[in-house]
Amino acid sequence: MQKIFYGKHFLDEDDIASVVDVLRNGALTQGPKVEAFENQVAQYVGAKYAVAVSNGTAALHIACLAANLNEESVVVTSPITFVASANCAQYVGAETQFSDIDPETLNMSPEALRQTCHTLKKVSAIIPVHFGGLPCDMPAISKIAQENGAVVIEDASHALGGLYADGSRVGNCKYSSMTVFSFHPVKIIAAGEGGMITTNDEKLYKKLLRLRSHGINKLDDQFQLDDMATTHGKTNPWYYEMQELGFNYRITDIQSALGSSQMNKIDRFLARRKEIAARYDQAFAGHAQIKPCQSAWRDQSALHLYVVRIAFSERLTRQQVMTKLSEAGIHCQVHYIPVHLQPYYLHQGFAAGNYPVAEQYYAQALSLPEYYGLESHQQEYVIDTLNKVLM
Ligand SMILES: *Cc1c(COP(=O)(O)O)cnc(C)c1O
């Protein structure tokens, strides 16, 4: 039986050839493909700088470090996200807090955020997550951040190619200090594993470059120890300086070549995702049990996910629905278990009931197959099968 997943990467011969070319002719890592990939994404999103790293989680981690977040910091994110958006604050010793979502956009609600900032007294950073590819209300969030002296780091792991309400591209950082992307195969483009941070701030850019590679000085960073760095006033060819603690979060040329090749197809990827969403929207319009989410903003969304709400019940549980679908070869998923309900965060004092809008959404959520390679006949099969299962 064919297997249909909620999301899947798409590769063509160009992708394969570009990786093979690196294997045959290139440097495997730290070669020219990394910078080429960075420039391509920076140009596409409209940001001055981009730093590619090993994955989106690493990108979030060094973004938090570059923003000087530490044990004294309080970081607010959405409860409806992948755990990495919350964990990056923990990596730097900061306190993670959440702020409830809007029931329609499923993104961090600006009204709730205003209240959260008021309640918490101190907020150092806000990490809005463009859930499913739909950009958050960034003008409102950035205004609240400014009022509270907080930096904004956008988690755009779902949203490469998404548009803000003003029509400009996610990642241009007009509303934030930094924006983070993921190139995990299930996301908009695949690099195997991969992540990137975009920014317009040169200082942040240089710091991110250092943090990616052990904290060693980069570009035109000044050496701190002149005696060590020079002989008779000339720079020593072997010399480098580790000026702060960094990591090996580098991406390889192999991954970057794949990412670049995928970027060449992004317009096609996004257009097809829109078509698929439009077909679902049409099929479920006025449906008694299936309510598509975020349908008012299809034009803005990168459509990483197609999420519906279903009023599951004792008579028809989500487990039964998902089991019947997977018996028919359709493997859906739930995005996401509210992060504050994970045992790790419950141990920090969070509890069921803390973020009621997120929890109500979670009770009804189901992500249907949505990806470039999903064929029309497969989508019709998903629609028919779901209708039958719910009957
Ligand atoms: C995928 C994802 C990440 C992490 O990206 P990786 O590349 O898998 O490390 C972070 N935040 C969100 C919202 C994601 O979906």
Subset of the range 291-306 [farther than 21 Å from E375 by Cβ and either assigned to a strand (DSSP E or B) or of a type in the set (D, E) (or both)]:
K291, D299
Just checking, does the range 228-246 include any residue being buried (at least 21 other Cβ atoms within 10 Å of the Cβ), more than 16 Å from the ligand (Cβ to nearest atom) and not aliphatic (A, V, I, L, M)?
no
Single unsatisfied condition, V92 versus (1) of a type in the set (V, I, T); (2) more than 16 Å from V180 (Cβ to Cβ); (3) surrounded by fewer than 23 Cβ atoms within 10 Å (Cβ to Cβ)
(2)
Going through the range 85-115 one residue at a time, which ones are of a type in the set (A, V, I, L, M), within 14 Å of the ligand (Cβ to nearest atom) and in contact with an Asp or Glu (Cβ under 8 Å, 6 or more places away or on another chain)?
A89, M108
Restricting attention to the range 174-194, and to residues there that are within 18 Å of Q43 (Cβ to Cβ) and out of contact with any Asp or Glu (no Cβ under 8 Å at 6 or more places or on another chain), which single residue is farthest from the ligand (Cβ to nearest atom)?
K174
Within the range 116-169, work out how many residues are within 16 Å of the ligand (Cβ to nearest atom) and either part of a loop (DSSP other than H, G, I, E, B) or surrounded by fewer than 23 Cβ atoms within 10 Å (Cβ to Cβ) (or both).
13
Those residues of the range 170-193 which are within 23 Å of I254 (Cα to Cα), of a type in the set (K, R) and surrounded by fewer than 19 Cβ atoms within 10 Å (Cβ to Cβ), in sequence order
none
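Conditions tested, residue by residue: (1) under 29 Å from I337 (Cβ atoms); (2) among the acidic types (D, E); (3) within 16 Å of the chain's Cα centre (by Cα); (4) within 16 Å of the ligand (Cβ to nearest atom).
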site: N25; (1), (2), (3), (4): no, no, no, no
site: T29; (1), (2), (3), (4): no, no, no, no
site: F37; (1), (2), (3), (4): no, no, no, yes
site: A52; (1), (2), (3), (4): no, no, yes, yes
site: E72; (1), (2), (3), (4): no, yes, no, no
site: T81; (1), (2), (3), (4): yes, no, yes, yes
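Any read-out appearing in this document is the output of simple, stated calculations on the displayed coordinates, not a laboratory observation. It should be emphasised that the depicted structure is a prediction, and the values quoted were computed from it without experimental measurement. For neighbour counting, all protein chains shown are included, and Cβ atoms are generated from backbone atoms with ideal geometry for every residue, glycine included.
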